[in-house]
1. Open to solvent by 40 Å² or more (accessible area, probe 1.4 Å) and without any contact (Cβ under 8 Å) to a residue 24 or more places away in the chain: which single residue out of N296, N327, N320, N248 fits that description?
2. Kindly indicate whether S272 is under 28 Å from K18 (Cβ atoms), more than 16 Å from the chain's Cα centre (by Cα) and of a type outside the set (D, E).
3. Can you name the helices (runs of 4 or more DSSP H) wholly within the stretch 96-213 that have at least 2 residues being in contact with a Pro (Cβ under 9 Å, 6 or more places away or on another chain), within 23 Å of D15 (Cα to Cα) and polar (S, T, N, Q)?
4. Every residue in the stretch 251-269 that is more than 14 Å from the chain's Cα centre (by Cα) and either touching a residue at least 12 places away in the same chain (Cβ under 8 Å) or buried (at least 20 other Cβ atoms within 10 Å of the Cβ) (or both), please.
5. Which residues, taken from the stretch 165-211, are within 16 Å of the ligand (Cβ to nearest atom), open to solvent by less than 60 Å² (accessible area, probe 1.4 Å) and touching a residue at least 60 places away in the same chain (Cβ under 8 Å)?
6. Residues in the stretch 76-95 that are under 14 Å from K9 (Cβ atoms) and assigned to a loop (DSSP other than H, G, I, E, B): how many?
7. In the stretch 143-153, how many are within 16 Å of the ligand (Cβ to nearest atom) and either among the hydrophobic types (A, V, I, L, M, F, W, C) or buried (at least 24 other Cβ atoms within 10 Å of the Cβ) (or both)?
8. Confirm whether F86 is more than 14 Å from the ligand (Cβ to nearest atom), surrounded by 15 or more Cβ atoms within 10 Å (Cβ to Cβ) and in the same structural domain as P259 (by TED's automatic domain parsing).
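The values are calculated or read from the model by the stated rules, or taken from the named source; none is laboratory data. Everything quoted here is computed from the prediction, not taken from an experiment. When we count neighbours, we look across all protein chains shown, and the Cβ atoms used for this are built from the backbone with ideal geometry, even at glycine. We work out accessible area using only protein heavy atoms, side chains counted, and drop any ligands, DNA or RNA first. Shrake-Rupley method; radii C 1.70, N 1.55, O 1.52, S 1.80 Å.
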Amino acid sequence: MNVDRITEKLNILADAAKYDVSCASSGSKRKNENKGLGNASNGICHSYTEDGRCVSLLKILLTNHCIFDCAYCVSRKNNDIQRAAFTVQEVVDLTINFYRRNYIEGLFLSSGIFKDADYTMERLVRIAKKLRTEHKFNGYIHLKSIPGASDELMNEAGLYADRLSVNLEMPTEAGLKLLAPDKNQADMIKPMGYIRNAIIQRTEEKKLFKKAPIFAPAGQSTQVIIGATPENDNEVLHSANYFYKNFNLRRVYYSGYVPVLADSRLPALNTSVPMVRENRLYQADWLMRFYGFKVNEIVNDSQPNLDLDIDPKLSWAIRNMQAFPVNINKADLQMILRVPGIGLLSAQKIVKARMFGKLNWDQLKKMGVALNRAKYFVTCNSNEFERRDLTGSNIKQFILATSQSKYLKNTQVQLSLF
Ligand code: SF4
């Protein structure tokens, strides 16, 4: 093996992969059987950068050669950059060597399109297959599906990968047409539909036959780029909601557009990466998936964008003051979850603990409630903080004055993973 050449390829192809943020490894329970290598159920440690990006996987492209010319992508065919491509065996060897040295817990593999979708996808699948069958590798594998790849290849990919993902790239079809004219949304939706159906089918088979093969046990995810096209948060979150509902996605990743290319269709090169917006979208996404919020409650035609100053739950609360105060000792779990400053775990603890007596501020604080926000929206067995003469906008000003948003400091900085 020519170490210098491999190192050079690694530098190029890891750098090219850093713009893809959809790499969290949660949700897989692959066991180490037959004295194989690795164990995705215990071996994965989730390590996130401040803006929520996962850093524990070997994250590379198979190649940054590409036949397409997507305006937002550093690997686009008309961009004058250094190109490289790994062989199948090189990626397998790198993964095994890095895993043995404890540098990584798994592999996140994407690729530019070599020749056509199947030609590229076949190589990605071959890497996953070799790792699983020849090296008995039980670490986490996330494969990016190449839009337009055949059902046969998608089927094979699902047998070896923990997670599959197809990037939607732009929140709407119009945005995609504008910046990626070689692509069309139908080519992305087709493999997403295939993965959804295969997961449902294999789950049913598994109930009947214990030895039925698993298919992409960590499910599927997608990524959308934010800020490259003019869609507002209403359009972004409605699109995400549609794909969650119709394709059983585990995650939608929102990636703030990093301006690296000059193109009249794109924001100017000196435009800041929308890191705060990206973070607010993740918070809104969390509210939709775990807190029982409907997308229309968070964004709608009269409130098309998320408030960048405050989180979306607080924003909802100050627009709906008639729903408060919530009596923490009586309200149901769904309403407690809507209180700013009370997270999922704290809400569950509250409901359990109040069976043994009425809760006061001290107890709420011990359960992890952020009193600096919650105190404006709840009543409990103590009236220490009670002030009911404040409007929503007063509360927003008080909270902003007393809290320092860590994200505001980072608006100019794109974090680098490597
Ligand atoms: S197909 Fe993928 S790798 Fe190729 S230019 Fe478009 S986004 Fe980049």
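1. On inspection, the qualifying residue turns out to be N296.
2. For S272, the condition - under 28 Å from K18 (Cβ atoms), more than 16 Å from the chain's Cα centre (by Cα) and of a type outside the set (D, E) - is met.
3. Those helices (runs of 4 or more DSSP H) do not exist here; none qualify.
4. Those that are more than 14 Å from the chain's Cα centre (by Cα) and either touching a residue at least 12 places away in the same chain (Cβ under 8 Å) or buried (at least 20 other Cβ atoms within 10 Å of the Cβ) (or both): Y257, V258, P259, V260, L261, D263, R265, L266, P267.
5. Passing the criteria: S165, N167, L168, E169, M170, P171, L179, A180, K183.
6. Summing the residues that are under 14 Å from K9 (Cβ atoms) and assigned to a loop (DSSP other than H, G, I, E, B) in the stretch 76-95 gives 6.
7. Count: 6.
8. Considered against the rule, which asks whether it is more than 14 Å from the ligand (Cβ to nearest atom), surrounded by 15 or more Cβ atoms within 10 Å (Cβ to Cβ) and in the same structural domain as P259 (by TED's automatic domain parsing), F86 comes out as yes.
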